[in-house]
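Heads up: the structure comes next, in structure tokens.
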Amino acid sequence: MSESETEARQRTVPWGVRAPREVIETLPELNDFCLQVLAEQVCAGGTHAALSRIAHRWLQLTAAGRLRAANHPYLLFDAGFSDPQRWQNLDSRQVNDGSPAAYGALFTVARGVVASEMVFVFAWSLARRHPVQARLALGLHPLCAERITAESVLGAHQLGHRLWRWLRPRWLETPDFWDELLQAAAEGGSAQLRVRMQGMRLLAAQTAAALRSGTRREPT
């Protein structure tokens, strides 16, 4: 990415602090990869109805629209980053961390595991180097950040491999927001900025609720 493109993206990140390069460059790439995996999962069949709804809208986008769908200053997917209780259980090797009964897997295609590994390594890197931005971009609870940053990069990768069932689209229970996000990606311009800000508010509310209660709450 050229310096001018990087600067242009920096101006689109509506935070009160300068976004690090990892957020500006890596988050859109990671979002796009996860959306590709989501579409692959739906094509493979046997998926959650909300996943199908997202995938079908995403597949209708042009190449430029798909780039806009991924270009947000936060991760569009989650892996329990706002749920400290879930992470506390990892200290016990007797716990079946990927139990389908507890955290049903939405991604069963092979690249779902790859996406999970990428997400966990990115979270590890961002939390270590830029903890404030990790909370803004990932909704990362301080206790979850403490747990993941205690790992080495290999350990973070292994967590992603071990906990692949945790990966899922953020705001899965609010499909109307995904409709707005993908419609804004199709339109671009002010619609894209509006939905980006709306997503930031939803993620901030979720993060604040988790900090107050110590448990994860989905935005409504």
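Values in this text are rule-based calculations from the coordinates and carry no lab data. As the structure is a prediction and not an experimental result, all values here were calculated from the model. Ideal geometry is used to build each Cβ from the backbone, glycine not excepted, and the neighbour counts take in all protein chains shown.
Quick look at the numbers
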{"quantity": "Net charge over other residues, Cβ less than 10 angstrom from the Cβ of GLY104 (K, R count +1; D, E count -1)", "calculated": "+2"}
{"quantity": "Likely footprinting exposure, LEU30, LEU67, fewest C-beta neighbours within 10 Å first", "calculated": "LEU67, LEU30"}
{"quantity": "Tensor-based shape of segment 121-220 (alpha-carbon gyration tensor, a/c under 1.5 rounded, otherwise prolate or oblate)", "calculated": "prolate"}
{"quantity": "Extension reserve of the SER213-ALA191 stretch, reckoned as 0.36 nm per residue once the Cα distance is removed", "calculated": "4.6 nm"}
{"quantity": "Highest average packing first - 55-65, 167-177, Cβ atoms within 10 Å", "calculated": "167-177, 55-65"}
{"quantity": "Formal net charge of residues neighbouring LEU61 (Cβ-Cβ distance under 15 Å; K, R +1; D, E -1)", "calculated": "0"}
{"quantity": "Virtual spin-label span in nm between ARG53 and GLU151, 7 Å along Cα→Cβ", "calculated": "3.1 nm"}
{"quantity": "Mean projection area, nm², convex hull over Cα of segment 20-213", "calculated": "10.4 nm²"}
{"quantity": "Inter-label distance for GLU180 and LEU143, nm, one decimal - labels placed 7 Å from Cα along Cα-to-Cβ", "calculated": "3.1 nm"}
